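Q: Here's a structure for you.
The values are calculated or read from the model by the stated rules, or taken from the named source; none is laboratory data. Here the structure is a predicted model, which means the values were calculated and not measured. Here the Cβ is made from the backbone with ideal geometry for all residues, glycine too, and neighbour counts use every protein chain on show. All accessible areas refer to the heavy atoms of the entire protein, side chains included, with ligands and DNA or RNA removed. Shrake-Rupley method; radii C 1.70, N 1.55, O 1.52, S 1.80 Å.
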Amino acid sequence: MHIQIQCCGIVLMLTLFYFYMRQRRISLNTQRAFLGVFLATFICITVDILSIGAIEYRDLLPEHFVKFIAKSYLITLLGVAISALSYMSVDIYTNHNVYRRNMKTYLILALIGAIGTYIAPLDYHYDKDGVTVMYTHGPSLYVTYGMALIFFLRIFYLLRKEKAKINPRRREAVCIWLLIWIAASQIQFMYTNVLIVGYAGSIGIMVLYLKLENPETNLDRNTGLFSSGALYQYTKQLFAREIDFATLVIIFENTAYQNVPLGKRDAIKMELVEYLQKIPDILCFKNAEDEFFVIMENPQTAEQQAKTIRARFRSGWGDGQAHMVHPQWLYLPHTNVAGQADHLLYLIRHIRQNGTTFSEKDFFCIEKDSVDQMYRKKETEQLILEAIENDRVEVHYQPIFSTGEQRITSAEALVRIRGRDGALVAPGLFIEVAEESGMILRLGEIVFEKVCQFIQEHPLEQYGLHYIEVNLSVVQCAYEWLARDYINIMNKYQIDPKYINLEITESASTNAKKTLLDNMQSLIGYGVKFSLDDFGTGQSNLNYIVDMPVDIIKFDRSMTNSYFENGKAKYVMDAAIHMIHGMNLEIVSEGVETAEQYQTMQELGISHIQGYYFSKPLPAEEFIQFLKKQTS
Ligand code: C2E
Ligand code: MG
Ligand code: MG
């Protein structure tokens, strides 16, 4: 009986199974699908042996029985094809319901194939030159082959079409596996006595196992906990099934082991691993950066479990519990904060690296609100970055009216970003983020350069303007090369510095007063003048004006408004105006929207007025048209 090759296949598969079962495994969809392929191939080879036996002893057995066994073998080939499709689909259909729907369709097709195979006639030997050759043939075989061909074509189609979704290693492994099958069936077709298709299946399984299904690849080598790769796979699966879970991250920065000698740290880590592995209903993962991830799939008990684990660190570790360890903790009570696995991991990384709040506390609970805020910030950062890279930063100019000269004599340059959709984004939505990320340095420079270019192209005096005011952020004021960079830009465009007035705010001096003053002195020495912005917002006090080498004080819109709304504010403003004039400084009143407001400000002796009453901030060309109308 020619079953030696099949028996080798069985032995090979049993050996692989032994190694597979000995490993610590995590319940991953891909591994379940792999077991499906394994089982289907195993059944296929076993039934192959049975069918060879049945055909060999066909004279002793009832004919129906022999045919039934031979046809069963054919049907197991369909089983293998289906299991291969299921294995491939795990990567493609991450949504569990879509996956199941697809599998259902394949199963129905396989069932039709199976019924066809059983109904259609099959012959299993013929005489060639007087010698009996064992070879199944006939319509039943063609039904199976036809159906198997459909499945294999589908696999090839998916391999090509869904290339991006399939793990490249899995793609490669499945390709090798299919090639082995095809080669084996070709050989078997040509040499009908060489029954190697079943054995080829077991070789294919070995390829899959070696290439990516060895459970050991999911383990962290040092601790035996599951690895970060397994964490991604596993959480991806939980998200796909919409299972809510809590995540506790234990982070061991160097400070965690402050009082532990270097030689003892590994032993303590292993003690922790042992401790974690004993806790029921949790799964522990560890990445290369020594961060432990505890996944708790029951959010009701998760909080208590997290508390218990943290409480363990109140006592020491190591011999006689002599060493105290103080890790940092991140806790995500629910999955709604992330939405998908890579977001979750990105979120944790992001908070680790950027969370200023995190570095202050040792425990940080990530709630939905803070995450939404973080994502908005991330989006804004992206918006700014794209605008900088694609020249979508724009400068608008808001005219400033001189009550003395009764015309527009200056303007404030105000930044805007043109979004991808063409809509304008106001600075209120991005300045803070630009400051926090440091991008304000580049953004401010772009604005300043655009203003200089504007002045170069439109000589200000021609339009009756004396200067343009440009805002400086707190961060720019604390940047030690600000003066040098701005002077270089003015030189580049050959701008007379008298056309520039830089606006600072009081908060600029709280961080780095010395740098601010150095920058101011250099720029003033060069010929630039300064204004103090936001006066009256609580960020300002009168003493400050005395200290700062500014020429203009800008009353914030809120101050202008409160003059008309609040009796007491009137007196404050009167006193401020009196004092500022006493110091020989000019005032710009911002946010003047009505004729009445304008009239009152003028009567108060305020020299400059800025507000919608005259004009909103305008794009450069419109601003020039606006000025032309005034001069004509
Ligand atoms: P800011 O420097 O106090 O600028 C005045 C703001 O008040 C501008 O808002 C202007 O459009 C608005 N405004 C002027 N008159 C009126 C009015 O009559 N009614 C109303 N409702 N609003 C009026 P914008 O352009 O949205 O700028 C907001 C803030 O963003 C600015 O306040 C400034 O702090 C900052 N900013 C704008 N451009 C830049 C820039 O290039 N660099 C930096 N660092 N900050 C900038
Ligand atoms: Mg301003
Ligand atoms: Mg202002």
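Q: Which three lengths, in whole Å and largest first, does the stretch 438-538 cover when its Cα atoms are put on their principal axes?
A: That works out to 39, 29, 26 Å along the principal axes.
Q: Take the solvent-accessible surface of the protein heavy atoms, probe 1.4 Å, and return the percent of it on the stretch 61-120 that carbon and sulfur atoms account for.
A: Heavy-atom surface of the stretch 61-120 belonging to carbon and sulfur, 1.4 Å probe: 70 percent.
Q: In bins 10 Å wide, starting from 0, what share of all Cα pairs of the stretch 365-487 does each bin hold, as a percent?
A: Result, from short to long distances: 12, 37, 31, 15, 4, 1 percent.
Q: Calculate how large, on average over all directions, the projected area of the Cα convex hull of the stretch 16-105 is; give the answer in nm² to one decimal.
A: 7.4
Q: Taking the square root of 5 times each eigenvalue of the Cα gyration tensor, what semi-axes in Å does the equivalent ellipsoid of the stretch 145-198 have, largest first?
A: 26, 13, 6
Q: Can you tell me what share of the DSSP beta bridges in the chain is antiparallel? A percent to the nearest 5 is fine.
A: Looking only at bridges with both residues in the chain, the antiparallel portion is about 60 percent.
Q: Here's something else I'd like to know. Need the list of aspartates and glutamates near LYS377 for cross-linking: C-alpha distance under 19 angstrom, and skip anything on the same chain fewer than eight residues off.
A: ASP342, GLU367, ASP369, GLU386, GLU389, ASP421, GLU432, GLU435, GLU436
Q: Checking the table LYS165/LYS286; LYS286/LYS307; LYS307/LYS368 against a 22 Å threshold on Cα-Cα, which pairs fail?
A: LYS165/LYS286
Q: Per residue, how much accessible area does the chain show when a 1.4 Å probe rolls over the protein heavy atoms, in square angstrom?
A: Value for the chain: 49 Å² per residue.
Q: Using the Cα centre of the chain as the reference point, and only Cβ charges (+1 on K/R, -1 on D/E), how large is the resulting charge dipole? Debye, rounded to the nearest 20.
A: Magnitude of the dipole: close to 2740 debye.
Q: Roughly how many whole Å is it from the C-alpha centroid of the stretch 566-599 to that of the stretch 256-299?
A: Cα centroid to Cα centroid, the span is 64 Å.
Q: How large is the dipole of the stretch 1-151 about the Cα centre if only Lys and Arg carry +1 and Asp and Glu carry -1, each at its Cβ, rounded to the nearest 20 debye?
A: Result for the stretch 1-151 is approximately 920 debye, rounded to the nearest 20.
Q: Where does helix 620-631 land angle-wise versus the long Cα axis of the chain, in degrees 0 to 90, nearest 10?
A: Tilt relative to the chain: about 20 degrees.
Q: Another question, then. At 1.4 Å probe size, put LYS629, LYS236, LYS492 in order of accessible surface, largest to smallest.
A: If we order LYS629, LYS236, LYS492 from most to least accessible, we get LYS629, LYS492, LYS236.
Q: Also, I was wondering about something else. Tilt of helix 299-312 relative to the longest C-alpha principal axis of the chain, in degrees (0 to 90, nearest 10)?
A: For helix 299-312, the angle is close to 80 degrees.
Q: On to the next question. Order ASP244, ASP319, ASP533 by their accessible area, 1.4 angstrom probe, all chains in place, largest first.
A: ASP319, ASP244, ASP533
Q: What lysines does LYS498 reach when the alpha-carbon gap must be under 25 Å and sequence neighbours fewer than 8 apart in one chain are set aside?
A: LYS450, LYS513, LYS514, LYS529, LYS554, LYS616, LYS628, LYS629
Q: OK, next. Please express the Cα-Cα pair-distance distribution P(r) of the chain as a list of whole percents, one per 20 Å bin, running from 0 to the bin with the greatest distance.
A: 15, 29, 24, 20, 10, 3, 0
Q: Here is a follow-up. For the stretch 206-245 and the stretch 171-185, compute the distance between their C-alpha centroids and round to whole Å.
A: Here the two parts' Cα centres lie 25 Å apart.
Q: For the chain, which span is the longest to avoid every loop-located (per DSSP) member of GluC sites (Glu not before Pro) having at most 16 other Cβ atoms inside 10 Å?
A: Longest run free of exposed loop sites: 1-161.
Q: How about LYS163: which lysines have a C-alpha closer than 29 Å to its C-alpha, ignoring those fewer than 8 places off in the same chain?
A: Filter leaves LYS104, LYS211, LYS236.
Q: Using a 1.4 angstrom probe with every protein chain in place, what is the largest-first accessible-area order of TYR275, TYR612, TYR124, TYR571?
A: Result of the area sort, largest leading: TYR571, TYR612, TYR275, TYR124.
Q: Where the centroid of each part is defined by its Cα atoms, how far is the stretch 414-433 from the stretch 303-329 in Å?
A: Here the two parts' Cα centres lie 47 Å apart.
Q: What is the diffusion coefficient of the stretch 483-609 in µm²/s, taking the Kirkwood radius over Cα pairs and the Stokes-Einstein relation at 10 °C with a viscosity of 1.306 mPa s?
A: Result for D is 102 µm²/s.
Q: Mean residue ellipticity at 222 nm from the helices of the chain, using -39,500 (n - 2.57) per DSSP H segment of n ≥ 4 over the full residue count, to the nearest 500 deg cm²/dmol?
A: Using -39500 (n - 2.57) per qualifying helix, the result is -18500 deg cm²/dmol.
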